[in-house]
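Only one structure is covered here, and it is reproduced in the block below.
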Amino acid sequence: MNTHVSQGQEASYHYKLVRRAIERLDSSEAPVSLEDLAQEMDLSPTYLQRLFSKWAGVSPKRYQQFLALDHAKTLLRAHHSTLDTAVETGLSGGGRLHDMFLRWEAMSPGTYAKGGAGLTIYTGWFDSPFGRVLAMGTDIGLCGMAFAEEAGNDATYTDMAARWPDATFVQSEDKLGAWVNAAFGGAGERKLHLIGAPFQIKVWEALLHVPTGHVTTYSDIARAVGNPKAVRAVGTAVGKNPVSWLIPCHRALRKSGELGGYHWGTPIKRAMLAYESAGREANAAQMAK
């Protein structure tokens, strides 16, 4: 059997299990024990603990604490990235972000203005720990990642395709598979092709500089892009982010510490923040050894 395919199938199976566990933990108003969770999922507690901890870095019990509704406020107090020195006004396309091993470049404003005319965008559906994800990409890198748990597959595809109405869309999971696998922790480089208006790309670049496990505010982003009064415009640009997860719009919070909206559903945003908080804690524990 092809190694790439077998690894992809294994990852897909694991992602489905993790997603079921997250949904169950997120929907419960009371703590769920490992034993009860494993029984509901028809798994042994040992296997579930090992699988979940491999993905999140912490146990399901600890992960539940990061899913709490007030966790965003805790993040804002303890891990607030102001972006004051992280982003220079203007684009620095091609930059490498070391904490994500991610390389990106932006499409020229003129090409974007053509609505994607002459551009081939490959599409494919994949499993992830946050549910089914629609990936889109050019020959350069991923230009779109959207989660379909709330809106459904058809509406999600329509939403994404409408962003570049004159592009040619070709279904090809093979073209995108390695990039998507890398996006969720697999081997390889994560490559992005940002397709948007100049102001949007400035905002997305600012988001790319928010460290994993940290959060920022719309006001901080507005200052980082050189327009501190454009908080509402920044919010709109954040909402238009086409590459969820890799361009981490889930790390943008209101000044009050409230989660705010998320284009693909607030539960997914909360799960992403919980995952990154868990990873930060696991890394800190490893370094302390």
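The values are calculated or read from the model by the stated rules, or taken from the named source; none is laboratory data. Values in this document were obtained by computation on a predicted structure and should not be read as measured data. No Cβ is skipped: glycine too gets one built from the backbone with ideal geometry, and neighbour counts run over all protein chains shown.
Any idea how many residues of the stretch 258-275 are at positive phi and either assigned by TED's automatic domain parsing to the domain that holds Asn181 or polar (S, T, N, Q) (or both)? Show your work before the answer.
So in the stretch 258-275, the residues at positive phi come out as 260, 265.
Filter again for either assigned by TED's automatic domain parsing to the domain that holds Asn181 or polar (S, T, N, Q) (or both), leaving none.
Qualifying residue count for the region: 0.
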Task: Filter pass, Gly279 being of a type outside the set (Asp, Glu) and on the phi > 0 side of the Ramachandran plot - done: no
Task: Criterion: within 24 Å of Ile121 (Cα to Cα) and in contact with an Asp or Glu (Cβ under 8 Å, 6 or more places away or on another chain) - qualifying residue of Trp245, Trp264, Trp204 - done: Trp264
Task: Lone qualifier among Val231, Val243 - being of a type outside the set (D, E, K, R) and either in contact (Cβ under 8 Å) with a residue 24 or more places away in the chain or within 20 Å of Glu276 (Cα to Cα) (or both) - done: Val243
TODO: Please indicate, with yes or no, whether at least one residue in the stretch 176-188 is of a type in the set (S, T, N, Q), surrounded by fewer than 23 Cβ atoms within 10 Å (Cβ to Cβ) and in contact (Cβ under 8 Å) with a residue 12 or more places away in the chain.
DONE: yes
TODO: Would you check if Gly90 is more than 25 Å from Ala178 (Cα to Cα), at pLDDT below 85 and in a helix (DSSP H, G or I)?
DONE: no
Open item on the list: Show the residue pairs meeting these rules: Cβ distance below 7 Å; 6+ apart or different chains; first residue within the stretch 145-163 and in the same structural domain as Gln200 (by TED's automatic domain parsing); second residue outside any helix (DSSP H, G or I) and β-branched (Val, Ile, Thr).
Closed with: Met145/Val133; Met145/Val243; Ala146/Val133; Phe147/Val133
- [ ] Answer yes if at least one residue in the stretch 106-118 is surrounded by 22 or more Cβ atoms within 10 Å (Cβ to Cβ), at negative phi and assigned to a strand (DSSP E or B), and no otherwise.
- [x] yes
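I'm trying to understand the selection: among the residues of the stretch 35-75, which are part of a helix (DSSP H, G or I) and acidic (Asp, Glu)? Spell out how you get there, then give the answer.
The first filter runs over the stretch 35-75 and keeps only residues part of a helix (DSSP H, G or I), leaving 35-40, 45-56, 60-66, 71-75.
Glu35, Asp36, Glu40, listed by residue number.
Yes/no per residue for (1) farther than 15 Å from Phe130 by Cβ; (2) modelled with pLDDT under 90; (3) in contact with a Gly (Cβ under 6 Å, 6 or more places away or on another chain):
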| position | (1), (2), (3) |
| --- | --- |
| Glu173 | yes, no, yes |
| Ala178 | yes, no, yes |
| Ala183 | no, no, no |
| Trp204 | yes, no, no |
| Val210 | yes, yes, no |
| Thr217 | yes, no, no |
| Val238 | yes, no, no |
| Ala282 | yes, yes, yes |
- [ ] Answer yes or no as to whether Gly226 is in contact with a His (Cβ under 7 Å, 6 or more places away or on another chain) and either surrounded by fewer than 22 Cβ atoms within 10 Å (Cβ to Cβ) or at pLDDT 90 or above (or both).
- [x] no
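Determine, yes or no, whether Arg254 is among the basic types (Lys, Arg) and either modelled with pLDDT of 90 or more or farther than 16 Å from Leu207 by Cα (or both).
In short, no.
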Task: the stretch 48-65 residues that are charged (D, E, K, R), paired with ones that are at pLDDT below 90 and surrounded by 21 or more Cβ atoms within 10 Å (Cβ to Cβ) (beta carbon under 9 Å, 6 or more apart) - done: Arg62/Ala56; Arg62/Ala278
